[in-house]
Amino acid sequence: MGYGELIIRSYDPQYDRTRVEDFERKCEVGPAKRVFLFTDTLGDPICRIRNSPIYKMLVAELGNQLVGVIQGSIKLVTVHKPPNDLAKVGYILGLRVSSLYRRRGIGSSLVIKLEEWFIANDVDYAYMATEKDNKASVKLFVDRLSYVKFQTPTILVNPVSHQMSRISSNVELAKLKVEEAEAIYRKFMSSTEFFPIDIGNILRNKLSLGTWAAYPRGESWGGVPSSWAMLSVWNSGELFKLRLGNAPLSCLMYTKSSRLIEKLVPCVKLPCIPDFFRPFGFYFIYGVYREGPLSGKLVRTLCRFVHNMASKSKDCKVIVTEVGGSDTSRLHIPHWKSLSCPEDLWCIKALKNEKKNSLHELTKTPPTRALFVDPREV
């Protein structure tokens, strides 16, 4: 490479913490042609994986120069149909390479090194997520490292306004106890791909703000409501902050004009975009599930409730939800199309020879209606 030998090693918090923090601040997230985000990990570079059962961070150096980082986590999940089919999976995230050292094989070297750690921990599959139009990421994982398309979920983003959303008087809301929420998720969502076996730990985590159910007023939750919906909320803003580093001029102008109009003419209810150019937090809605003819309306009501909860937070500027690409719940979840991602891309790779046949079956199986996205991997 002409810059000395590339060294990839485990993250050392005492030596690397400040260096990685500075490195992360300089790295953008997202395609530069649209918008990109900067992350602030609040002094903890491994905050995004710290809540996972097993995790690791690797750093890449050329000489004394930090040129790349990558993170990974391991968990046990269901695949195909439980309870017989379980798999240990490794999730790849946070791959960053300095802009000055790209196209030198550093990214692929980091991924391969992390895969070796997965294999040493008896992982069956490695998987990752990226935007469908992130050509560099797709080329690296699919073309060079033999990952294959697994899922194309939809990421929905809704700005938080200080105006409270109206909650229908025909809907009853109930906050579920952790034990009840866990039992319901295991009953109705454990057949979805990659459902985490340690769902109880997720629900009991301090970042999980709770699980709520909605059903028609006049019916009993203790019985079987004719329609019902549920979701859980994760406070990602407690882990790290985001800041917009670039945006189309139209978006910037709309942000400023909407605030001005709101001040001058309060009765004009023009949606106001929060100030994304300063560090902000966000809530992540996970475990969205519904049943019954009125369940779509109930999902929307729950989302409005979460919005009202977020509006009371000082730095929560957006609410993010990720659902399966074929999940019609997305039609009932409030979001701004300009801020959302219609097709996120999940790719997967078998790390054991005996799993390659099952990988073919896994990737060719039509996606289930519901998708459980682990909030620890956001």
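The values are calculated or read from the model by the stated rules, or taken from the named source; none is laboratory data. All values derive from a computational prediction rather than experimental measurement. Positions of Cβ are backbone-derived with ideal geometry, glycine not excepted, and every protein chain shown enters the neighbour counts. Each accessible area value is taken on the protein alone, full model and side chains, heavy atoms only, with ligands, DNA and RNA left out. Shrake-Rupley method; radii C 1.70, N 1.55, O 1.52, S 1.80 Å.
In the assembled protein chains, residue 179 presents an accessible area of approximately 110 Å² (probe radius 1.4 Å). The residues of region 81-159 expose, per residue, 48 Å² of accessible area to a 1.4 Å probe.
Count Lys and Arg as plus one, Asp and Glu as minus one, and take only other residues whose Cβ is under 15 Å from that of residue 179; the net charge is then +2.
Taking other residues whose beta carbon is less than 13 angstrom from the beta carbon of residue 214, and scoring Lys, Arg as +1 and Asp, Glu as -1, yields +3. Report note on the peptides 121-134, 286-299: ranked by the mean count of other C-beta atoms within 10 Å, highest first, their order is 286-299, 121-134.
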